[in-house]
1. Before I look further, what does the chain give for accessible area per residue, probe 1.4 Å, in whole square angstrom?
2. Step through the residues of the stretch 237-249 one at a time and calculate ³J(HN,Hα) from phi using the Karplus curve (6.51 cos²θ - 1.76 cosθ + 1.60, θ = phi - 60°), rounding each to whole Hz and writing x for Gly and Pro.
3. When N is the residue count of the stretch 73-118, what does its C-alpha Rg come to as a fraction of 2.2 N^0.38 Å?
4. By its C-alpha gyration tensor, with a ≥ b ≥ c as the square roots of the eigenvalues, how is the stretch 1-131 shaped: rounded for a/c under 1.5, else prolate for a/b larger than b/c, else oblate?
5. Taking the mean number of other Cβ atoms within 10 Å as a proxy for protection, how do you rank 352-360, 84-92 from highest to lowest?
6. If the chain between Ala248 and Glu274 were fully stretched, how many nm would it gain, using 0.36 nm times the residue separation less the Cα-Cα distance?
7. Using a 1.4 angstrom probe on the protein heavy atoms only, could you order Glu125, Glu228, Glu203, Glu182 from most to least accessible area?
8. Over the heavy atoms of Cys145, what accessible area does a 1.4 Å probe trace out, to the nearest 10 Å²?
Amino acid sequence: MALPVLKNRHARAIFLDRYLLSAAPNGKSKRKDLLDLITRLGFVQVDSISTVERAHHMILRARKASYRPKHLAPLLEDEHSLFEHWTHDASVIPTAFFPYLKLRFSRDAETLRRQWRSWRRAGFEKKVDQLLERIDREGAKSSACVGEGEKRGSGGWWDWHPSKTALEYLWRTGELTVSRRESFKKFYDVTEKVLDESLISPEPEQQESIDWLCNAAIDRLGFASSTEIADFWGIVTKAEAKEWCGQAGLIEIDVEGVDGTLRRAFARDGILEEQAPKPTSRLRILSPFDPALRDRKRAERLFGFHYRIEIFVPEAKRKYGYYVFPMLEGDKLVGRIDMKALRANDILNVTGLWWERGVRATPARLDKLRAELDRMARFAGVSTVVIDPKLDL
């Protein structure tokens with residue numbers, strides 16, 4: 001028996017609505033409004049690359065044009081209504097979700113001990129308890145504050161001294177929390193001294209956490225395979241997500257890709273009748289780490305947009321550039337742009353522009369792009385947009 005089909009245009013509208021990219025990026029972007037935004041997304045990935053601005057700031061700015069990087073720190077460092085931890089990658093997460101991430105803490109505890117004995121420098125396990133006691137006694141520490149006298153490696157990100165490994169282990173297993181950052185360097189403190197006890201004390205049963213995580217995932221994805229549900233948080237196993245999907249009262253549908261192919265997915269009953277709003281026609285530039293693009297294959301199926309970040313590709317072999325930004329217009333990913341904020345020169349320097357096949361650089365579209373570049377320059381704190389003459393923009 002044929003399954004009901006979610007047509008591609010409808011699927012894209014639901015997708016963009018769930019990722020908060022349908023509406024124009026208006027409204028307030030401080031305190032409660034910003035926390036509500038991140039709560040609706042589930043989490044926001046943190047990344048250190050700052051070609052224009054760091055990824056988490058770009059992600060939030062794409063949804064709230066008034067957002068500025070200074071708006072995030074109060075939620076992390078004063079209110080502690082957000083905390084930093086791991087989903088599929090390092091992220092900022094609402095602290096209200098903390099109890100359900102304890103499933104990750106417990107699972108990581110043994111896994112990381114086993115893996116890091118061979119991946120990291122030997123001896124970190126001996127440092128765990130004494131480092132926790134020291135931070136409890138002396139206060140927050142960064143990795144630069146610990147490991148006095150320990151042998152340092154070559155400086156590669158993987159070559160941690162034993163105390164840094166112990167510090168990261170205590171963070172990954174929930175004993176420590178990032179209390180603040182200084183020049184993007186993390187300072188860790190004992191979790192009970194940073195986060196409110198009422199939020200961190202609940203101890204959900206394993207199945208309760210699995211239920212919560214899977215429900216939260218499908219609500220934010222709209223429609224998904226069991227693997228995509230598992231991958232959303234990176235905590236629930238694929239087998240657990242598959243079992244949950246069979247018991248959660250979901251329906252099965254076929255989702256039409258941009259090329260007309262169908263792919264099986266789970267969804268809430270009523271998805272086919274969902275009236276997703278028509279996406280704004282505004283053109284906006286997204287971070288390569290935007291949650292809407294994190295699952296590259298899913299975005300490619302729905303939008304026909306093939307994106308691979310080329311940071312680790314040798315320059316001579318890059319198709320586009322080191323850190324190229326996707327561009328969204330309406331319900332289509334229309335191209336990508338290479339740009340960098342050169343703050344010493346007070347300019348946003350645009351060096352590359354590629355439209356997707358079939359997308360015409362009409363005067364109206366170019367006007368939208370110029371307007372977005374002007375907004376991006378203000379966001380980056382520079383006054384002028386400089387465009388390579390060869391781009392004819």
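1. Each residue of the chain exposes 47 Å² on average to a 1.4 Å probe.
2. Rounded to whole hertz, the list is 6, 4, 5, 5, 5, 5, 5, 4, 4, x, 10, 9, x.
3. Its radius of gyration relative to the 2.2 N^0.38 Å reference: 1.36.
4. Oblate, since a/c reaches 1.5 and b/c is not below a/b.
5. Final packing ranking: 84-92, 352-360.
6. 7.4 nm
7. The ordering from most to least exposed comes out as Glu203, Glu182, Glu125, Glu228.
8. For Cys145, solvent-accessible area is about 50 Å².
The values are calculated or read from the model by the stated rules, or taken from the named source; none is laboratory data. These figures come from a predicted structure and were not determined experimentally. All Cβ positions, glycine included, derive from the backbone under ideal geometry; neighbour counts span all protein chains shown. Accessible surface areas use protein heavy atoms only, side chains included; no ligands, DNA or RNA. Shrake-Rupley method; radii C 1.70, N 1.55, O 1.52, S 1.80 Å.
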